[in-house]
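Written below as structure tokens is the structure these notes are about.
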Amino acid sequence: MHEMSLCESILEVLQQQARQQNYTVVKTVWLEIGKLSSVEPDALRFCFAAVMQDSLAAAAKLEIIEVEGQAWCLYCARHVTIEQRYTGCPVCGSYQLQINDGEQMRIKELEVA
Ligand SMILES: [Zn+2]
């Protein structure tokens, strides 16, 4: 599962940061997920709980911040919001879109102790 390996890499980042910043417990993780990243928030929560078991983030809360997909439509010459990848421009239906936000998956903030 895609979400499983994502959670494994999140755990690696947490462990690495814990060494650098001298913390031992992660209390909350705020994750920014773009709507175009094809990450399923429910699946991610499920995997997060499984992967974090017996780690420094075993009791961590996962807060998911969803980010809208943003693209530039070459045809309309304006910014548009898109719900999914491979959809056309909501205004003109053109597929000439340059995506500029909503593809990310990153740790935005951590609450640690
Ligand atoms: Zn358009």
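Here are the numbers for this structure:
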{"item": "The chain, accessible area per residue, ligands and nucleic acids excluded (1.4 Å, Å²)", "result": "61"}
{"item": "Fraction of antiparallel bridges per DSSP, the chain only, in percent to nearest 5", "result": "70"}
{"item": "Dipole magnitude of the chain about its Cα centre (Cβ charges: Lys, Arg +1; Asp, Glu -1), debye to nearest 20", "result": "180"}
{"item": "For segment 1-103, alpha-carbon Rg and Dmax in angstrom", "result": "17.3, 52"}
{"item": "Sequence ranges 38-49, 78-89, ranked by mean other-Cβ count within 10 angstrom, highest first", "result": "38-49, 78-89"}
{"item": "Between segment 72-97 and segment 38-70, the Cα center-to-center distance that results, in Å", "result": "29"}
{"item": "Solvent-accessible area, 1.4 Å probe, carbon plus sulfur percent, for the chain", "result": "47"}
{"item": "Dipole-positive endmost among Cys76, Thr87, Gln104 within the chain (Cβ charges, Cα centre)", "result": "Cys76"}
{"item": "Nearest 10 degrees, 0 to 90: helix 41-52 Cα axis against the chain principal axis", "result": "20"}
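The values are calculated or read from the model by the stated rules, or taken from the named source; none is laboratory data. Note that this is a predicted model, so its numbers are computed, not measured. Using ideal geometry, Cβ is built from the backbone for each residue, glycine included, and neighbour counts are taken over all protein chains shown. These accessible areas exclude ligands, DNA and RNA; they are computed on the full protein's heavy atoms, side chains included. Shrake-Rupley method; radii C 1.70, N 1.55, O 1.52, S 1.80 Å.
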